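Visitor: Just dropping this structure here.
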Amino acid sequence: MNAAREIKSLLFFSKTGFFGFVIILSAFLLSIFSFFIIPDKSIHGNHQIPELALSPVGYSSLIIKKSFSKKHPLNLQSLFFGQQSHYQSIPIKEYLIENDKLSYVNLRGNTILSDISNFGADSKAAFESNCISTVWFPFGSDRYGRDIFSRLILGLRVSLFVGFFAVSLSVILGIIIGLVAGYFGGWIDHISVFFMNTVWSIPTILLVFAVVLALGRGVYVIFFAVGLTLWIDIARVVRGQTLAIKNETYIKAAESLGYSYRRTLFHHILPNAIAPVIVLAAANFAIAILIEAGLSYLGFGVKPPVPSLGNILNENYGYALSGKLFIAVIPAIFIMILVLSFNFVSYTIRDWMAYKKEA
């Protein structure tokens, strides 16, 4: 009950913090349930309709689905990760069926004659039910005719999960190294501080490049590389907090009672040193998203056709000067809002903790 009251107090402490929390929560829900929302249900949102390349925002078209592989039944995996496209989409303006003979007008104005059996249908009703549909591009389409909205939502999923795992890794490393260095002191502390300063002196992006070049591209490599660059600040803060807390009376009492080092560190010191770590973790989440986006933009991130906000920006930024500004800037807007939201939450947690400490 007290925890719920504290969370409610935090949420309403700052309007900007509440806004950031709503955006972050919405982003996580969108990323988890992406395929329940997006129009393109294919894996990675990679269903291509070349005839509809660079369609404007809100464009829709009638299409005929021509099967070229066996359709797989829906299962839990396909609901959360999509399924392989089993058909080719043929955009049309209109169609007519007479005596099981199909005639349709394509986007070039040419009339094509065919048989509905060529599309796997044995009647007009079956053809219209299974082979005719409307494709809609809420944010337009890219140069391959893929739905930008679908790929942005799936790219949001990649960015958030890279950020989540990278921050989790950095928090675990930072806490362990900081606690051990601060509590034991001596040569352990000297080696830890030397290692922290050495890694801290290397520019973040260069360190990430080195890890990616050594281990190869991929989502798991990216979050590992980003996580290895974000732990230093957390380790330094935890070390400082531990140096101050270990001289408190209750820590001396725990030691005199013969408690193990692990119990003293994780049950008595860490709970009293965790507050600034939470603030840093929220701020590092924004940094992790920026690093991942930057890597993907430069071609060192996740491999296409897997979408991320960075490689979508890389694919479309050139259209900013060719009259299609929206598809060029929308990935950047997504990145900006997401990073801003995490910063809002980080600042709100910091100010709220300071307020609670004074109160």
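Visitor: Would you please give the FRET efficiency between S168 and Y144, computed as 1/(1 + (r/R0)^6) with r the Cβ-Cβ distance and R0 = 45 Å, to the nearest 0.05?
Guide: Calculated transfer efficiency: 0.85.
Visitor: On full extension of the chain, what length is gained from A126 through T198, given 0.36 nm per residue of separation minus the C-alpha to C-alpha distance?
Guide: Gain on extension, A126 to T198, equals 19.2 nm.
Visitor: Tell me which trypsin sites (Lys or Arg not before Pro) from region 206-308 have a DSSP coil assignment and no more than 13 other beta carbons within 10 Å of their own.
Guide: Passing sites in region 206-308 do not exist.
Visitor: What shape does region 85-209 have by the C-alpha gyration tensor, where a ≥ b ≥ c are the square roots of the eigenvalues, rounded means a/c under 1.5, and otherwise prolate means a/b greater than b/c and oblate the rest?
Guide: Here region 85-209 falls in the prolate category.
Visitor: Sort 86-99, 103-116 by packing, meaning the average of other beta carbons within 10 Å per residue, with the highest value first.
Guide: Put in order of decreasing packing, that is 86-99, 103-116.
Visitor: By how many nm would the segment from S133 to D100 grow when fully extended, if each residue of separation counts as 0.36 nm and the alpha-carbon distance is taken off?
Guide: 10.0 nm
Visitor: Work out which helices of the chain, taken as complete DSSP H runs, extend at least 20 Å along their axis over the Cα atoms and score a mean Kyte-Doolittle of 1.0 or more, then list them.
Guide: Span-like helices here: 15-32, 148-184, 219-245, 270-298, 325-358.
Visitor: Using only the Cα atoms of region 49-137, build the gyration tensor, take square roots of its eigenvalues as a ≥ b ≥ c, and label the shape rounded, prolate or oblate: rounded if a/c is under 1.5, else prolate if a/b is larger than b/c, else oblate.
Guide: oblate
Visitor: Over the chain, what portion of Cα pair distances is larger than 30 Å, expressed as a whole percent?
Guide: 52
Visitor: Once Lys and Arg get +1 and Asp and Glu get -1 on their Cβ, which of Y104, N272, A126 lies farthest toward the positive end of the dipole of the chain?
Guide: N272
Visitor: How far apart, in nanometres, would the label points at L207 and E255 be if each is projected 7 angstrom from Cα along the Cα-to-Cβ direction?
Guide: According to this spin-label approximation, the distance is 3.0 nm.
Visitor: Summing -39500 (n - 2.57) over the DSSP H runs of n ≥ 4 in the chain and dividing by its residue number, what mean residue ellipticity at 222 nm do you reach, to the nearest 500 deg cm²/dmol?
Guide: The helix contribution divided over the chain gives -20000 deg cm²/dmol.
Visitor: Subtract the Cα-Cα distance of T16 and I188 from 0.36 nm times their separation in residues, and report this length gain in nm to one decimal.
Guide: Going from the current span to full extension adds 57.7 nm.
Visitor: Now for a different question. By per-residue mean of other Cβ atoms within 10 Å, what is the highest-first order of 325-336, 52-63?
Guide: Packing order, densest peptide first, comes out as 325-336, 52-63.
Every number in this text was worked out from the coordinates using simple rules, so none of it is lab data. Please read all numbers here as calculations on a predicted model, not as lab measurements. In this analysis, Cβ positions are derived from the backbone assuming ideal geometry, glycine residues included, and neighbour counts consider all displayed protein chains.
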